[in-house]
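The numbers here are math on the coordinates, done by the rules we state, and not lab data. Just so it is clear, the structure is predicted and the values come from calculations on it, not from any experiment. Backbone-built Cβ (ideal geometry, glycine too); neighbour counts: all protein chains shown.
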Amino acid sequence: MRGFFKSFFAALLALAVFAVIVVFVLAGVVGGLLSPKKPDVEARSILVIDLAQSVREQMQDNPLSGFGSEDQYDVPGLYDMVRLVRHAKGDSAIKGIFLKCSDDPNGFATNEEIRNALLDFKKSGKFVYAYGESFPQKAYYVANVADKIYCNPKGSIDWRGFSVEMTFLKGALQKLDIQPQIFYAGKFKSATEPLREDRMTDANRLQLTELLNDFYDRLLYTTAKQRNLDTTQLRKCVNEHLIQHPRDAVNFKLIDGLRYDDELKDELRQKLHIDKHEFINFIPLGKYAKAVDYKAEGKDKITLIYAEGDIVDGKGDKNEIGSDTYRWLVRKARFDKDVKAIVIRVNSGGGSSLASENIWREISLARKEKPVVVSFGDVAASGAYYFSCNADSVFAMPGTITGSIGVFIVVPNLQSFFRDKLGVTFDGVKTAPEADPLSVTRPLTPSQRKYLQDGVDTTYLDFKTRVAEGRKKTIEFVDSIGQGRVWSGVRGMDIGLVDRMGTLQDAIDCAARMAKTSDYRLKEYPEPKSFLDQLLGGYKKSMSAKALQEQLGEEGYKTWHTIKKLKASVGIGQAKLPFDLSIE
């Protein structure tokens, strides 16, 4: 019997080992089969940049990349796009760039980085053409660097200035018998305005008007410079609604002409010196990224950490800045002796004040051992500014939204809603007057209200102290530019919140100089997930979000996302921008 069990368990162990080996072999075979070959870049190709794609800081991996149509390629991150355009500048196979301009959901700083890359590309003597069925203003801001700008004869050119519209929920909450119970510090802290007001406060109207004017002036200035026009005339076109049809844009020299798609293709063939019936080699950015090696190699190592999304406690998910995850990333770079400097790319409107403090702490420790440089993207405000303020140097773009030094807490009281609208009531027992936690099922007690307001005031003082120490200012001065107020990148530099105007590449160059190295490679974090993780996890999640967006529509999805974020932040100190700051 003993021999039987010995043989049985030996056979079972062998079977288990064999099964594991088979799984790994199959995974390798499947991975090999599913790994597309490196695409070729044919001679006389045109690189295509579609401004309608939503550009994030890091590559948006598609597990099916390379196996289908053009839209199934990975969507390069912003810095990837910049490096790809830089590579194309010296690539003899790429003869020019074609900008598709019919939409642009991206922020002003993102557009500025793309625009700067195109300006650098043009120094090679290669062409840049821009075309749109219609031209939104943000797309035109990028396109105005092009050698030729064309619009569909029956399309449209948006030239009306910028605007912001906020949705206010105070009236709806009153009808539903919901009391928001808000505690905040900073008269400009407008994140809670939709819950406590029925229109913009004077302070919020002032800051948003100033912000929009900064972006609007930038659009007029760059257009005038690139198109050899006068800003006064451009402003007149806006104020008097002179650009109503594409032909008007031609007459005022905003664009070079009207073309149908086939007419544009014929002109591009002439630029390429190919026959009018020959196929044009258009290569999308995602495909080009698969085809070329565009990342620099070097002896030393610089860590580049992308911090994008809401700031949350704990690990967070793919589109969040989890305090545990990012503390570990900064700490890993701090302990790694091969890492000569740390660059943090920030694109976030803030979030949990405690998570921001924890990340700030780790950055402060890292700065004592090696250079830490921060680069701001579209938004680096509130909690995101909190953890960034102590860096050795802070870079921003003119279109960056920053500042918003302030704090708030929201605890909705749903007692009347549950009782009077739904017929639901709650009851319980406790061992002490304040034994029960904060709850949305009843109003806050006076002691709870005092506790929350004291917590907000204390956190706001901590916030101002961190900024004052990091930026070498007095707390009084920080309070004068704080109070929750948002600033453009240019004004942020004027008041000392930002050190320099510059791109992410400028920030990396600065970090390399501080580390006294010119021979370096970048190690980028968070690292991309494996193929199977993407296919079984993140891709499935992204498809679910996409399906939900299709069902609810764009506005409905935004409302759902806002409610989801509000629910997650109940009773938690927030250093955060307004829920939605969409500039059109």
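Laid out as a table, the results:
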read-out: Mean Cβ count within 10 Å, highest first, over the residues of peptides 212-219, 436-443, 506-513; value: 506-513, 212-219, 436-443
read-out: Euclidean distance of C-alpha centroids, region 134-195 and region 213-235, integer Å; value: 21 Å
read-out: Environment charge of GLY428, counting only residues whose C-beta is closer than 11 Å and scoring Lys/Arg +1, Asp/Glu -1; value: 0
read-out: Environment charge of TRP328, counting only residues whose C-beta is closer than 11 Å and scoring Lys/Arg +1, Asp/Glu -1; value: +3
read-out: Cα centroid separation - region 382-407 against region 298-317, whole Å; value: 16 Å
read-out: Signed unit charges on C-beta, dipole axis of region 91-228, positive-most listed residue SER102, GLN174, LEU211; value: SER102
read-out: Potential lengthening between LYS290 and THR209 on full extension [0.36 nm per residue; Cα-Cα distance subtracted]; value: 24.9 nm
read-out: Rounded FRET efficiency, nearest 0.05, which uses the C-beta distance separating ASP457 from THR431 and R0 of 30 Å; value: 0.50
read-out: Segment LYS318-SER92, length gained on full extension (0.36 nm per residue, minus Cα span); value: 77.6 nm
read-out: Whole-Hz ³J(HN,Hα) from phi, Karplus 6.51 cos²θ - 1.76 cosθ + 1.60, for region 288-303, glycine and proline x; value: 5, 4, 6, 8, 10, 9, 10, 9, 6, 10, x, 6, 7, 10, 10, 8
read-out: Simple Cβ-charge dipole of region 214-301, Lys/Arg +1 and Asp/Glu -1, about Cα centre, in debye nearest 20; value: 280 debye
read-out: Extension gain from LYS265 to THR231, taking 0.36 nm per residue of separation minus the Cα-Cα distance; value: 9.0 nm
read-out: Region 429-467: trypsin sites (Lys or Arg not before Pro) falling in loop per DSSP and having at most 10 other Cβ within 10 Å; value: LYS430
read-out: Net charge of Cβ neighbours under 14 Å - reference LYS368; Lys, Arg +1; Asp, Glu -1; value: +1
read-out: Average silhouette area of region 266-346, convex hull of alpha-carbon atoms, in square nanometres; value: 9.1 nm²
read-out: In Hz, Karplus ³J(HN,Hα) per residue of region 165-175 (6.51, -1.76, 1.60; θ = phi - 60°; x = Gly, Pro); value: 10, 10, 9, 10, 9, 4, x, 5, 5, 5, 5
read-out: Cα-Cα over 28 Å, subset of LYS271/LYS295; LYS95/LYS516; LYS38/LYS95; LYS100/LYS299; value: LYS271/LYS295; LYS95/LYS516; LYS100/LYS299
read-out: Loop trypsin sites (Lys or Arg not before Pro), region 76-151, which have at most 15 other Cβ atoms in a 10 Å radius of their Cβ (DSSP); value: LYS123
read-out: Restricting region 289-341 to trypsin sites (Lys or Arg not before Pro) in coil, as DSSP defines it, with at most 15 other Cβ within 10 Å; value: LYS295, LYS299, LYS315, LYS318, LYS337
read-out: Computed FRET value (nearest 0.05) for ASP120 with THR474, which takes r as the C-beta separation and R₀ as 35 Å; value: 0.30
